[in-house]
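Taken together, the values in this text are just the output of simple stated rules run on the coordinates, not laboratory data. On a predicted model such as this, the values are computed, not experimentally measured, just so you know. Glycine also receives a Cβ, built like all others from the backbone with ideal geometry; neighbour counts cover every protein chain displayed.
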Amino acid sequence: MIGYLIRRILYAVPILVGVNLITFVLFFMVNTPDDMARAQLGAKQTTPAMIQAWKHEHGYDKPLFYNSSAKGIEQVTDTLFVRESFRLFLFDFGRSDANRDIAEDIKSRMGPSLSIALPTFLIALVTNITLALLLVLFRGSVFDLSMMIVAVMIMSVSGLFYIIAGQVLFSKIWHWVPISGYAEGWESIKFVLLPIAIGVFAGLGAGVRWYRSIFLEQVHQDYVRTARAKGLSEIAVLFRHILPNGMLPILTGVVVVIPSLFMGSLIMESFFGIPGLGSYTIDAINAQDFAIVKAMVFLGSVLYILGLILTDISYALFDPRVTL
Amino acid sequence: MSLYLLWTDILVWLLVVVMATSFWRMMRSPLARERWYRIFHAKVAVASAIVLGFYVVIALSDSIHFKSTDSGYGNQIVSLLDMAMVHRKSTSERTYSAPFADHEYTRSIVTDEAQKKRVQRFLPLRYVQTGHFLRDTIEGLGTGILFAALLIGLHLWWRARSAHKHSPASELHSSIPWRTAYTVFALLSILLAWLYIMSFSYHVLGTDKVGGDLFYASLKSIRTGVLIGTLTTLVTLPLAVILGVSAGYFRGWVDDLIQYLYTTLSSIPGVLLIAAGVLMMQVMMESHPEWFASTLERSDLRLLFLIMILGVTSWTSLCRMLRAETLRIAQMDYVIAAQAFGVGRWRIMLRHIVPNLMHIILISVVLDFSGLVLAEAVLSYVGVGVDPTMYSWGNMINQARLEMAREPMVWWSLFSAFSFMFVLVLAANLFSDRVQQVLDPRSDA
């Protein structure tokens, strides 16, 4: 197990180097350090000396991939790419183009992001599984059929519609919750209630359909027939046999997203004015602040790989057939 | 007036040709033909296919562009759809107006000639002719009914003629629920004809903030949505199929390399990767103004780049599936037999493996379509979607975002965009469900 984990973590290193390479190439292919310096210093009256000074100050005065002036191994290591990647690996995100400390920003914005993403995730998981089990119990009935039609319809509506309609209905017309904003501590509940509800509802269609298909696959297995033949009631079969066996494929889809919950939801947060990582990313995209985008890409990849490792561990824990 | 094809036009017609030939080839095999007909045995599938057909026809009619050199104001590139809707393309009101309204939605200050003072008043709309509502309605409905009756009649006649030939194909043919097909077709034609005829006298879906007709905007957005949904697969498929099959068939270092490639790509959060790509593209296009001659061509080029970025970022999951399936198929007896006969590697991949992956590819293509149409709206909202000057549902929603907060509400822009999108995505979802049900060997249909 420990050996497996170490191997997985070592395997993550080349992947993260690849991720850095992609962002690095995307970034510098069109935007050279000279361009960045000019943009930061303002277009007017920039002398080559000033650009050189700015580049030196921000560490952009190294060559991109290959330093011909250095010797030996330093030809590769004393370059912009290796230095920048190395800094990211130490989670040193540096400063944004607008000169804010990115690590500090990320730390303070994680809380609000989680306060929406985590409840949405948990409530959605429970509701989806409950509804799916209910549909499996009444499979083939009119109830099942009509709910499946409703599920396709829920899936087919753009997520933006739910947000806009929810804000109009619950905030503007009924005045139940504020339209947008955020507060610290328990005050935040009234702000996060609507985003959570909308998040759960928007995912209901796809979620219920997915869980239902997983449970239906189990229904036709031999062990279910055996359980029925023993005289177990349909409900006992459902909860004691189908649910635990269905949980295994569900683990693959669910565990992998848990770490990524930290990243928050882009759309939700920007619509509801939640100062989380999602809206942080959107603001960075709109301001074309590549330093933040780069940091978020790296963070997202780390969390995704963490999710993959967690998935494997959870398999080893819950599926006796799997050993790591 | 001369034909002028934009980049995306060329690609979309290329896709039509590719799809038509592969469809024709597939139809030659009786097994595949039987499968395809089975998809259409369900009423839902027939109905949604017809809805999709309407969208595709509108999108294609918007993909034939002409350059008019004779008009006074410079070179203008217009599509067939623009020509049909020219009465709403060039006429713009001053501000918001509700669907079928004859006055503007907000008061403006005007000088009253009789009383010699400034008053607030709802001004009448400039390009609306009221008073013919009933006559236009009858005309619209009549046109729709005539059109539908003509085409359905033609088809009935063709069916009656080919019914004499008792071939297995005609039996498959007759088990399609034609009545559903005719009903949906007739209803849609009548609705569309009515809206079209009415659009000459009214703004049938109202106007937006700057007075643009929303019916025209919604129709123009169809092309953007359909193109993003379909052309992206043109980029995705070669990447996913070539890489996935090679990884599964060659194994060894090829497999390692391809696995590394798609793990890396898929570990980057999708929206961020797209955003980074689009940011790069924007800078690149700003520094190369010689690539496009007009606003239309710029937005078209941007759409093309967006499609490429979407394609490059979304092939990984299909590739993973194809690799796993190839690993399985490569162990099958018929592949081993082919190897024993000395059939070359490429030939085995092409003739023995890829045809057995077709169902996975097809299912993923139809499944991805609706997701891509919805993604366009979100991306445009985030600011990394299509060009802001381009007609798209995402842009319509983005521009109308604050209208619900107005007092009184302006609901029709959002309504038009969301309902056009909903119908397309719903039809695509229902159709893909059916395709999956028939083609997926695991489903117990």
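Taking packing as the residue-averaged number of other Cβ atoms within 10 angstrom, the listed peptides A:238-248, B:407-417 run from highest to lowest as B:407-417, A:238-248. Helices in chain A that qualify as membrane-span-like (whole DSSP H runs, Cα extent of at least 24 Å along the helix axis, mean Kyte-Doolittle hydropathy of 1.0 or higher) are A:2-30, A:102-137, A:189-219, A:290-318.
Extents of region A:201-261, taken as max minus min of Cα coordinates on every principal axis and listed largest first, are 43, 21, 16 Å. I'd like the FRET efficiency for B:A324 and A:A183, computed as 1/(1 + (r/R0)^6) with the beta carbon distance as r and R0 of 51 Å, rounded to 0.05. Once rounded, the FRET efficiency stands at 0.60.
Distance between the C-alpha centres of region B:112-159 and region A:1-28: 61 Å, rounded to the whole angstrom.
Quick one: net charge of A:A236's neighbours, Cβ under 15 Å, K/R +1, D/E -1? Value of the local net charge: +3. Summary value for region B:312-445: 21 percent relative contact order, contacts being C-alpha pairs under 8 angstrom separated by 6+ residues. By the Kirkwood approach, averaging reciprocal distances over each pair of separate Cα atoms, region A:201-324 gets a hydrodynamic radius of 17.5 Å.
Helix B:412-439 and the longest principal axis of the C-alpha atoms of chain B enclose an angle of approximately 20°. What separates the Cα centres of region B:287-343 and region B:168-207 is a distance of 35 Å. Shape class of region A:108-323 from the alpha-carbon gyration tensor: oblate, with a/c at 1.5 or above and b/c at least as large as a/b.
Amide H to amide H distances under 5 Å link B:F66 with B:Y4, B:V78, B:S79, where only residues 5 or more positions off or on other chains count and H is placed in the peptide plane. The mean number of partner chain beta-carbon atoms within 10 angstrom of a residue's beta-carbon across peptide A:296-306 is 4. Inverting the pair-averaged 1/r between distinct Cα atoms of chain B gives 24.9 Å as its Kirkwood hydrodynamic radius.
Region A:91-160 and region B:387-438 have Cα centres separated by 21 Å. Name the shape class, rounded, prolate or oblate, that the alpha-carbon gyration tensor gives for the protein assembly as shown, where a ≥ b ≥ c are the square roots of its eigenvalues, rounded holds for a/c under 1.5, and otherwise prolate holds if a/b is larger than b/c and oblate otherwise. Taking the square roots of the gyration eigenvalues as a ≥ b ≥ c, the protein assembly as shown is rounded.
Residue-normalised convex hull volume from the C-alpha trace of region B:314-365: 69 Å³ per residue. Bridgeable aspartates and glutamates around B:K67 (alpha carbons under 14 Å apart, same-chain partners fewer than 8 residues away excluded): B:D9, B:D82, B:E297.
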